[in-house]
Amino acid sequence: MEAKTAFQSKTIVTDLVLPSETNPINNLFGGELLARMDRAASIAARRHSRRIVVTASVNHVAFNRSVPLGSVVTIEAKVSRAFTSSMEVYMDVWIEDRESGECIKANEAIYTFVAVNETGRPTKVPELIPETELEKERFEAALRRKQLSLVLAGKMKPDDASELKALFK
Ligand SMILES: CC(C)(COP(=O)(O)OP(=O)(O)OC[C@H]1O[C@@H](n2cnc3c(N)ncnc32)[C@H](O)[C@@H]1OP(=O)(O)O)[C@@H](O)C(=O)NCCC(=O)NCCS
């Protein structure tokens, strides 16, 4: 199976914030952004694996900045590391200023997807080759995040999470 670059999975989704998607103070609902990110990330994971993919976990979401009604929101998703059947997808979320067109970083998120066959069994994915400095940084940290996610899900013993434990030594 041929390794792929992060760039090959790059997915950009741009959309508006409409009134039905906002809270009482006219900012985008967190759940609406989560759903938009899930769709963008699943496309990135599918582009990397060329398989059916399912969301295994939402590892990290930081709602650092609210997204007002009428905003143009852009989600950029790329696979940051591939393991055996799972892929970490890293997303950056931008809001476009109406007058200047400048893009302001609003949020970041990290989701994990698993490639599965027609019966829902996990199946192998290609390795990921990071190219840029940022891709290399995200690739390096992805194993620790995978271990943390598995420990929190009760699927790995904390004692076995060696890369994660090394952070605290
Ligand atoms: C995700 C799913 C396929 C994993 O199946 P499983 O039987 O637990 O399979 P495994 O234990 O062999 O794990 C498969 C991979 O998922 C990873 N994984 C499982 N749970 C994980 C979690 N919580 N966080 C990070 N990775 C996880 C494993 O580490 C493994 O990765 P690897 O093969 O790259 O090493 C299965 O739990 C599933 O189908 N879940 C429902 C998915 C879904 O419907 N999502 C939408 C929710 S509405």
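Coordinate-derived values only; no laboratory data. Here the structure is a predicted model, which means the values were calculated and not measured. Here the Cβ is made from the backbone with ideal geometry for all residues, glycine too, and neighbour counts use every protein chain on show.
Do you know which residues across region 141-169 are surrounded by fewer than 18 Cβ atoms within 10 Å (Cβ to Cβ), in contact with a helix residue (DSSP H, G or I) (Cβ under 9 Å, 6 or more places away or on another chain) and under 19 Å from Tyr111 (Cβ atoms)?
Leu143, Arg144, Val151, Lys155, Met156
Starting from region 155-169, take each residue that is charged (D, E, K, R) and list its partners that are within 16 Å of the ligand (Cβ to nearest atom), counting only C-beta distances under 7 angstrom and pairs at least six apart or across chains.
Going by the 7 Å Cβ cut-off, the qualifying pairs are Glu163/Leu143; Glu163/Arg144; Glu163/Gln147.
With the checklist (1) within 14 Å of the ligand (Cβ to nearest atom); (2) among the basic types (Lys, Arg); (3) touching a helix residue (DSSP H, G or I) at 6+ places or on another chain (Cβ under 7 Å) in hand, flag the one item Arg39 doesn't pass.
Going through the list (1) within 14 Å of the ligand (Cβ to nearest atom); (2) among the basic types (Lys, Arg); (3) touching a helix residue (DSSP H, G or I) at 6+ places or on another chain (Cβ under 7 Å), Arg39 breaks only (3).
Return the residues of region 134-169 that are farther than 17 Å from Met87 by Cα, under 22 Å from the mean Cα position of the chain (by Cα) and among the charged types (D, E, K, R); say none if nothing qualifies.
Glu163
Tell me which residues, restricted to region 102-126, are away from the ligand (no atom under 11 Å from the Cβ) and surrounded by fewer than 17 Cβ atoms within 10 Å (Cβ to Cβ).
Answer for region 102-126, where residues must be away from the ligand (no atom under 11 Å from the Cβ) and surrounded by fewer than 17 Cβ atoms within 10 Å (Cβ to Cβ): Glu102, Cys103, Ile104, Lys105, Glu108, Glu118.
Restricting attention to region 141-154, report how many residues are near the ligand (Cβ under 9 Å from one of its atoms), in a helix (DSSP H, G or I) and either farther than 17 Å from Thr55 by Cα or touching a residue at least 40 places away in the same chain (Cβ under 8 Å) (or both).
Summing the residues that are near the ligand (Cβ under 9 Å from one of its atoms), in a helix (DSSP H, G or I) and either farther than 17 Å from Thr55 by Cα or touching a residue at least 40 places away in the same chain (Cβ under 8 Å) (or both) in region 141-154 gives 4.
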